[in-house]
Each structure stands twice: as structure tokens, then as C-alpha cells.
Amino acid sequence: MKTRNIRLTVEYDGTAYSGWQKQLQAETIQGTLEDRLKQVCGHPVDLLVAGRTDSGVHGLGQTANFHTSSNLPVSKIQDVLNHLLPRDIRIAKAQEAPETFHATYHAKAKLYRYVIRNAKDYTVFDRNTYHHVRPVLDAAAMKKAAKFLVGTHDFTAFRGTLGKRANPKRTITKIQIRKSGDNLILEYTGVSFLHQMIRILSGTLLYVGLGKLKPADIKAILKSKDRKKAGPTLPPNGLFLVKVYYPATFPKIKKRGREEEA
């Protein structure tokens, strides 16, 4: 039976979920989506995803795809799916994709954002979407430190325990740090990231902003390959997967092993 390949752009508040990847005894984004897609399409669905986000991490532009034998128009799939989904998950866009498109393996870069509220008080209604820090941060020092992280490096000192089997060499193409009201926005663009890498990088840059580390210390931390020398792993609530970048065409690919993601 001929199938169609449907590409989804997904928004979600990860606060109530145990991450993206489905689990037997925990509520996850993937599990929730696949359950509702089964109702919409009339058959079980296996979602492929650009990057598996951890418990509590949010998605603004997560990309996933699935194959279906359903004849429902793609706009109808989106509308019915959004009607069935809880209010903390939403399909921002659904579209027909080439048969060869694979959300995981065709992704050529990802943009992650970490939000730090740098103010005396926190706010009640969006408290699950940032990490609150009271002392005034030295953003200029953080920007200087970030320059040492751009490029291809061995990021062993900046990976979580679940990422120890993955190749520690990663390429960060850009880091931007900017103020937005009381928030300090840290944005990372790279090909791929290790488990908890963005949260550890952000914790290390936070220590620079607090004066606990100097910008030049980043070079020594990278060289040491010692996780204990880097800063803390910041909480997941400040982290967003903002966008996934794809090439214009999607050649057929050979399956390869999955690597841990941020």
C-alpha cells in the first residue's frame, strides 16, 4: 500500500513531560503525539524526530515526520490533531514531504536557546520558561567566553553522563548572547549536540557572568576534558529547541546509529 510522508513542526511546553522519547511508564511528547496520530490516521504511527529533548525542555520548532496510508488532506490531519492534543502541545505546521525525507538524519543544524531571567524577582505565569538568577551578570564577559566555544572541539568537559558513548567532537557555528528586557538570551547553532551539552555550556557561561570563571578559562576547560572543571548543568526549564535547518533536497540515506542529543 502506498504511503505518504508527513512532516510536522511541533511546539510544546515540556514542563509536564518526561522528555520527547516515548517510555513505557511515563508521559512523553512522542508518546502523546503517536497516540493522537493513531486516532487521526487509523493506524499506529512511528514518529522520527530531529532531536530528542530531555524532561522539562521545550520545543518551538521541533521537526518530526511519519509515514501514513491515510488519505486525509494534510491540513485536516493538522486540524484534527490539534483538536485532540493537550494544550501544551501544538502542531504549528504540517506538510507533505518527499518520501526520502528523514527528520533525524537530514537535519544539518539546530538552533537551541537558553533563557536566563536576570532580575531581582521571578514572574509567576512564565516561571517554567527560564532560569532565574538574581545577581547582575556580566554579559560582556560571557560573550568573550562564548567565542572560545565556537568551532570544532572535543566537548567531553561539557557532556552529561548519558552522552559518554557518543563522539565528543562537535561543531558550534555560532553563539549569540543578547538582552531582552530582564532576560539574557543564549543561542547556540550547531550540527549536533551532546546530552545536556547546552545546559552545561550555559551553566559555564553563567559562572563567567557571575565572576566565578574568567573568559579565558574556557580554553583550559576544553583542553582538560574534565566535566568537574566546567560549570553546573542548568535546569531544563530555560531550554528551547528553536529551529532545525534542512537542505533543499533529501537524498536517500543509509541508517546509522543514534547519538545523544541536548
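The values are calculated or read from the model by the stated rules, or taken from the named source; none is laboratory data. For clarity, every value in this text was computed on a predicted model and none was experimentally measured. Here the Cβ positions follow ideal geometry from the backbone for every residue, glycine too, while neighbour counts run over all protein chains shown. Accessible surface is based on the protein model in full, side chains and every heavy atom, while ligands, DNA and RNA are left aside. Shrake-Rupley method; radii C 1.70, N 1.55, O 1.52, S 1.80 Å.
Values as computed for the structure displayed
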item	result
Filter result (in a strand (DSSP E or B) and either buried (at least 17 other Cβ atoms within 10 Å of the Cβ) or touching a helix residue (DSSP H, G or I) at 6+ places or on another chain (Cβ under 6 Å) (or both)) within region 152-161	His153
Residue identified as in contact (Cβ under 8 Å) with a residue 12 or more places away in the chain, in contact with an Asp or Glu (Cβ under 8 Å, 6 or more places away or on another chain) and over 22 Å from Phe250 (Cβ atoms) among Leu72, Leu47, Leu60	Leu60
Qualifying residue in region 216-227 (condition: out of contact with any Lys or Arg (no Cβ under 7 Å at 6 or more places or on another chain) and over 14 Å from Thr156 (Cα atoms))	yes
Strands (runs of 3 or more DSSP E) contained in region 162-262 and holding at least 3 residues of a type in the set (S, T, N, Q)	169-180
Total residues in region 44-53, condition out of contact with any Leu (no Cβ under 9 Å at 6 or more places or on another chain) and open to solvent by 10 Å² or more (accessible area, probe 1.4 Å)	3
Criterion (out of contact with any Phe, Trp or Tyr (no Cβ under 8 Å at 6 or more places or on another chain), of a type outside the set (Ser, Thr, Tyr) and open to solvent by 10 Å² or more (accessible area, probe 1.4 Å)) met by exactly one of Gln78, Gln30	Gln78
Enumeration of residues in region 1-48 that are part of a loop (DSSP other than H, G, I, E, B) and under 25 Å from Asn71 (Cα atoms)	Met1, Lys2, Thr3, Gly42, His43, Pro44, Val45, Asp46, Leu47
